[in-house]
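Worksheet: the structure to be examined is printed underneath.
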Amino acid sequence: MTPIEFDGSPAPTLGVEWEFALTDKVTGDLSNSAAALFAAVAERHPERAGKIHKELLRNTVELVTGVCRTTGEAVADLTDTLGVVRVLTEELGVDLYGAGTHPFAEYSTQLLTEGHRYAELIERTQWWGRQMLIWGVHVHVGISHRDKVLPILDSLLNYYPHLLALSASSPMWAGQDTGYASNRAMMFQQLPTAGLPFQFRTWEEFEGFVADQKTTGIIDHLNEIRWDIRPSPHLGTIEVRVCDGMTNVAELQSVVALIHCLLVDLDRRFTAGETLPTMAPWLVQENKWRAARYGLDAIVILDGNCREELVTDDLHRLLEQLQPVARDLDCVDELAGIENIITGGASYQRQRKVYRETHSMRDVVASVVAELDVPANS
């Protein structure tokens, strides 16, 4: 069994990846124009190439930060790149669409990004792989030592429904309201190495799992484990991939701040000798489903004793608990924005409201696109 080295981060650094769909300005449908966008970036902004990434489909672009110290720094990095990309997309006649799914696009018209890895994924996963018209936000937080990673990851699963409910932005699929706040969460877990992580007691157990995956040909590389929360050993981080695509900077920065604070809080408590609270896998799984189904109206399971509470009520208490950490991480204002999501509603609720008023999926797309202009301090 080959050891997996964890290149620990000396500080709780932050990195954010923000996925966008490209939509046609006239029709609102998905546009397979990513190749033209990347060609324009290479020609006119080659210095940005490392922060604008390809994804599985040619309708998608991912913006990534460098290694940042604070939420404010990460958001400034993203918005700087976003400004460059939006000039180019305007010229191409497409918009950036930040929700977790598109309300009416057909998977059969989408083109695969060139590359052996993507082709192999579709060859293996077939119908489910071709269905992956989904977009999310991934947040990396630096962890100093591998022995902290799995206990922190296990305990962070207790807050899975909180993060999904706040970010849920994918209620519609193939022209229908699915009844779910996050259909993306339900779709993505159909891939063979995606979904909730297994809960390991030791790093050696994790290494054994990875060895089994490679021996049996399930994966060739560690990054093909696509869990909703996963270790990223080569970066020295825990990567949180729970969240649906975010439709505006204001909500993005609040959820990023919450993730940063949660991980640092758990890190500090573990370092101080606390046994971090965890829940059985079947309770974690139920919480994921409840948040995906009901969003901010989910009644979530709080602990191993099966106490339950409305997710927004637990969020109020959690925000108070995290205030000292937020001060240390210089994200008090960003974290406070979580209250705006709780009181004003999440993206899935706004999308449904637009559809109730207009009966137009095209208007839903336009409303999501327009949100990208919402000021970060709104």
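The values are calculated or read from the model by the stated rules, or taken from the named source; none is laboratory data. Bear in mind that the values here come from a model prediction, so they are computed numbers and not experimental data. For neighbour counting, all protein chains shown are included, and Cβ atoms are generated from backbone atoms with ideal geometry for every residue, glycine included. What goes into the accessible areas is simple: the full protein's heavy atoms, side chains included, and nothing from ligands, DNA or RNA. Shrake-Rupley method; radii C 1.70, N 1.55, O 1.52, S 1.80 Å.
Computed quantities for the displayed model
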read-out: Condition met for ALA257 (of a type in the set (Gly, Ala, Ser), within 19 Å of GLN199 (Cβ to Cβ), open to solvent by less than 30 Å² (accessible area, probe 1.4 Å) and touching a residue at least 24 places away in the same chain (Cβ under 8 Å)); value: no
read-out: Filter result for the condition that a residue is of a type in the set (D, E, K, R) and either without any contact (Cβ under 8 Å) to a residue 60 or more places away in the chain or touching a strand residue (DSSP E or B) at 6+ places or on another chain (Cβ under 7 Å) (or both), over GLU19, GLU5; value: GLU19
read-out: In segment 69-80, residue nearest to GLU17 (Cα to Cα) [restricted to those that are crowded, with 20+ Cβ neighbours inside 10 Å and among the β-branched types (Val, Ile, Thr)]; value: VAL75
read-out: Close pairs (6 angstrom Cβ cut-off, 6 or more residues apart or separate chains): small (Gly, Ala, Ser) in segment 26-38, assigned to a helix (DSSP H, G or I) and open to solvent by less than 20 Å² (accessible area, probe 1.4 Å) anywhere; value: GLY28/VAL365
read-out: Scope segment 126-172; condition of a type in the set (D, E, K, R) and either on the phi > 0 side of the Ramachandran plot or open to solvent by less than 40 Å² (accessible area, probe 1.4 Å) (or both); matching residues; value: LYS148, ASP154
read-out: Every residue from segment 173-199 that is among the hydrophobic types (A, V, I, L, M, F, W, C), open to solvent by 30 Å² or more (accessible area, probe 1.4 Å) and closer than 30 Å to MET1 by Cα; value: PHE188, LEU196, PHE198
read-out: Tally of residues being in contact with a strand residue (DSSP E or B) (Cβ under 8 Å, 6 or more places away or on another chain) and open to solvent by less than 10 Å² (accessible area, probe 1.4 Å) across segment 83-95; value: 3
read-out: Test for THR202: is it buried (at least 17 other Cβ atoms within 10 Å of the Cβ) and either within 22 Å of the chain's Cα centre (by Cα) or closer than 26 Å to ASP303 by Cβ (or both); value: no
read-out: Tabulated pairs, segment 297-314, first within 16 Å of LEU157 (Cα to Cα) and without any contact (Cβ under 8 Å) to a residue 60 or more places away in the chain, second open to solvent by 70 Å² or more (accessible area, probe 1.4 Å) and part of a loop (DSSP other than H, G, I, E, B), C-beta under 8 angstrom, 6+ apart or interchain; value: ILE301/ARG307
read-out: Any hit, segment 348-370, residues being under 23 Å from VAL141 (Cα atoms), of a type in the set (Val, Ile, Thr) and more than 20 Å from the chain's Cα centre (by Cα); value: no
read-out: Count - residues of segment 231-245 that are within 8 Å of the chain's Cα centre (by Cα) and not in a strand (DSSP E or B); value: 1
read-out: Qualifying position, being outside any helix (DSSP H, G or I) and either touching a residue at least 24 places away in the same chain (Cβ under 8 Å) or not hydrophobic (A, V, I, L, M, F, W, C) (or both), among TYR160, TYR180; value: TYR180
read-out: Residue tally, condition within 18 Å of GLY136 (Cβ to Cβ) and either among the polar types (S, T, N, Q) or part of a strand (DSSP E or B) (or both), over segment 191-224; value: 4
read-out: Condition met for ILE225 (open to solvent by less than 20 Å² (accessible area, probe 1.4 Å) and touching a strand residue (DSSP E or B) at 6+ places or on another chain (Cβ under 7 Å)); value: no
read-out: Verdict on GLU73 being in a helix (DSSP H, G or I) and either touching a His at 6+ places or on another chain (Cβ under 7 Å) or at pLDDT 95 or above (or both); value: yes
read-out: Output for segment 228-240, where each listed residue is open to solvent by less than 60 Å² (accessible area, probe 1.4 Å) and either of a type outside the set (Val, Ile, Thr) or farther than 13 Å from ILE152 by Cα (or both); value: ASP228, ARG230, PRO231, SER232, PRO233, GLY236, GLU239
read-out: Lone unmet requirement of (1) open to solvent by 20 Å² or more (accessible area, probe 1.4 Å); (2) outside any helix (DSSP H, G or I) for GLY15; value: (1)
read-out: Positions within segment 35-69 being part of a loop (DSSP other than H, G, I, E, B) and either touching a helix residue (DSSP H, G or I) at 6+ places or on another chain (Cβ under 7 Å) or of a type outside the set (Val, Ile, Thr) (or both), in sequence order; value: HIS45, LYS54, GLU55, LEU56, ARG58, ASN59, THR65, GLY66, ARG69
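Residue-by-condition table, conditions (1) at pLDDT 95 or above; (2) among the hydrophobic types (A, V, I, L, M, F, W, C):
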position	(1), (2)
CYS68	yes, yes
GLU90	yes, no
HIS116	no, no
VAL139	yes, yes
